[in-house]
Ligand code: AMP
Ligand code: GLY
């Protein structure tokens, strides 16, 4: 079948890489894609939320299945758009409709949902501009640190962890009275701080059946040792050594099952990925957030660990037949190191010429912010530029390979974290840190 992937990041290159390994894919398209996807698929110059152009391309190229990478088109209702149109209704589409995507699109919705269905999460209260004074009074009663979250999509910037009451008051005021994140902060959640270790679990569901994909840990801060500004993600590791069988089975029983039951009870037919951001608090899982899509760079370590044919998996999801599929996973560890442009996550440079080494065995380069110029020259075209992924029997060896490959990429102002996965070695007997 002909398939279209929507998006342009490392996540979408990883999807494209995995899908082109399947003999069930005839032609693959990526909209808009990057220099990496251009090498293995046909890029279509269409923005991710231009539904009309996407629909035209689907018809023109006889595309039978669409996989939606980022949250924006999902929250804006790309699935509803396809379902409402007679000529597009039959297209298989992997991603939730706008109702399902609220799990990510509105933190107030997802908090109410978790409370209603008994899913463990931090206690919280929601405030609006009209209840700002109550919010300020509420803040004064809370112990520190305290977490403030803009309700809507804020490009990963809508969460503030305030260390002092003064900072909390100021942030709440900025978000509600000064619309710091525009409409996204017209409601703000004030949430109890959870002290624990973070990890993410990914669920693929067809609305009835589900598969739990390999878990991953992300590294959000720009600097080594988790210092500095928040980013979209500077690296990822899978599997996560502290997520043992006992913990993952708690996640399945206390989080995954009630989430899917809750969606059904709400009349939401959720088809696609649910990314569950979790805090492990002394062995107990608490949900920090849901995303209605896969993570980036988590996808770059999760997909290489999946052995199952990706087209079969996606098709079964869209057709409600996930119960007919067996999910097979490699035991190997995978590590992704994200190589970024100078200045990221603030203003960064674009348009630098890249020299990209040939990956060796068990290593892969997933492009993120890259663009193909004339004569096959690859230019930087985003903050997160390229992702160096390695797989190995041990986490430490995957770390070394991923770091080595990242070092060998050349462009002006290149930066990457040197410590991805290093904090996890202490959970592994016999694996010593040697870089
Ligand atoms: P989010 O945008 O919801 O992923 O939040 C960004 C980051 O803030 C998360 O990855 C966590 O590290 C942190 N965070 C969010 N909520 C909490 C919480 N209740 N307690 C502690 N940390 C949190
Ligand atoms: N890496 C975090 C995210 O995709 O939201």
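Does residue 49 satisfy the condition of being under 21 Å from residue 181 (Cα atoms), touching a residue at least 24 places away in the same chain (Cβ under 8 Å) and surrounded by 21 or more Cβ atoms within 10 Å (Cβ to Cβ)?
No, not satisfied.
Quick check on the range 304-327. Is at least one of its residues within 28 Å of residue 385 (Cβ to Cβ) and within 14 Å of ligand 2 (Cβ to nearest atom)?
No, because not a single residue in the range 304-327 is within 28 Å of residue 385 (Cβ to Cβ) and within 14 Å of ligand 2 (Cβ to nearest atom).
Would you check which residues across the range 288-314 are within 12 Å of ligand 1 (Cβ to nearest atom), out of contact with any helix residue (DSSP H, G or I) (no Cβ under 6 Å at 6 or more places or on another chain) and either assigned to a strand (DSSP E or B) or free of Cβ contacts under 8 Å to residues at least 24 places away in the same chain (or both) and list them?
288, 289
Scan the range 123-158 for residues that are within 16 Å of ligand 2 (Cβ to nearest atom) and in contact (Cβ under 8 Å) with a residue 60 or more places away in the chain and jot them down. Full working, then the answer.
Narrowing the range 123-158 to residues within 16 Å of ligand 2 (Cβ to nearest atom): 149-150, 152-158.
Selection gives 153, 156, 157.
Taking residue 257 as the residue in question, decide whether it is within 16 Å of ligand 1 (Cβ to nearest atom), out of contact with any helix residue (DSSP H, G or I) (no Cβ under 9 Å at 6 or more places or on another chain) and free of Cβ contacts under 8 Å to residues at least 24 places away in the same chain.
no
Conditions first: (1) more than 16 Å from ligand 2 (Cβ to nearest atom); (2) without any contact (Cβ under 8 Å) to a residue 60 or more places away in the chain; (3) crowded, with 16+ Cβ neighbours inside 10 Å. Residue 184 passes all but one, so which condition is the exception?
Residue 184 satisfies all of (1) more than 16 Å from ligand 2 (Cβ to nearest atom); (2) without any contact (Cβ under 8 Å) to a residue 60 or more places away in the chain; (3) crowded, with 16+ Cβ neighbours inside 10 Å except (1).
For residue 149, indicate whether it is more than 9 Å from ligand 1 (Cβ to nearest atom) and crowded, with 16+ Cβ neighbours inside 10 Å.
Judged against the criteria, residue 149 is not a match.
Would you confirm whether any residue within the range 247-256 is within 25 Å of residue 389 (Cα to Cα) and either more than 16 Å from ligand 2 (Cβ to nearest atom) or modelled with pLDDT under 95 (or both)?
yes
Yes or no, residue by residue, for (1) buried (at least 21 other Cβ atoms within 10 Å of the Cβ); (2) closer than 27 Å to residue 63 by Cα; (3) modelled with pLDDT under 95:
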| position | (1), (2), (3) |
| --- | --- |
| 307 | no, yes, no |
| 314 | yes, yes, no |
| 319 | no, yes, no |
| 324 | no, yes, no |
| 329 | no, no, no |
| 332 | no, no, no |
| 338 | yes, no, no |
| 344 | yes, no, no |
| 351 | no, no, no |
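Would you be able to say whether some residue in the range 345-356 is assigned to a loop (DSSP other than H, G, I, E, B), touching a strand residue (DSSP E or B) at 6+ places or on another chain (Cβ under 8 Å) and under 20 Å from residue 17 (Cα atoms)?
yes
Restricting attention to the range 218-225, does a residue exist that is away from ligand 2 (no atom under 16 Å from the Cβ), more than 30 Å from residue 108 (Cβ to Cβ), in contact (Cβ under 8 Å) with a residue 40 or more places away in the chain and not in a loop (DSSP other than H, G, I, E, B)?
Among the residues of the range 218-225, at least one is away from ligand 2 (no atom under 16 Å from the Cβ), more than 30 Å from residue 108 (Cβ to Cβ), in contact (Cβ under 8 Å) with a residue 40 or more places away in the chain and not in a loop (DSSP other than H, G, I, E, B), which makes the answer yes.
Which of the residues that make up the range 198-226 are within 14 Å of ligand 1 (Cβ to nearest atom), farther than 24 Å from residue 263 by Cβ and surrounded by fewer than 18 Cβ atoms within 10 Å (Cβ to Cβ)?
220, 221, 226
How many residues, within the range 157-194, are part of a loop (DSSP other than H, G, I, E, B) and closer than 14 Å to residue 105 by Cβ? Spell out how you get there, then give the answer.
Restricting attention to the range 157-194, the residues satisfying the condition of being part of a loop (DSSP other than H, G, I, E, B) are 157-158, 163-164, 177-181, 186, 193-194.
Restricting the remaining residues to those that are closer than 14 Å to residue 105 by Cβ gives 158, 181, 186.
Here the count works out to 3.
Which condition number in (1) touching a helix residue (DSSP H, G or I) at 6+ places or on another chain (Cβ under 8 Å); (2) within 10 Å of ligand 1 (Cβ to nearest atom) is the one that residue 195 fails?
Just one mismatch for residue 195, condition (1).
Quick test of your reading of the structure: residue 160 fulfils all but one of (1) under 24 Å from the mean Cα position of the chain (by Cα); (2) within 27 Å of residue 252 (Cα to Cα); (3) crowded, with 16+ Cβ neighbours inside 10 Å. Name the failing condition by number.
It is condition (2) that residue 160 fails.
The values are calculated or read from the model by the stated rules, or taken from the named source; none is laboratory data. Predicted model, so just to flag it, every value in this text is computed and none were measured. Virtual Cβ from ideal backbone geometry, glycine too; neighbours counted across all protein chains shown.
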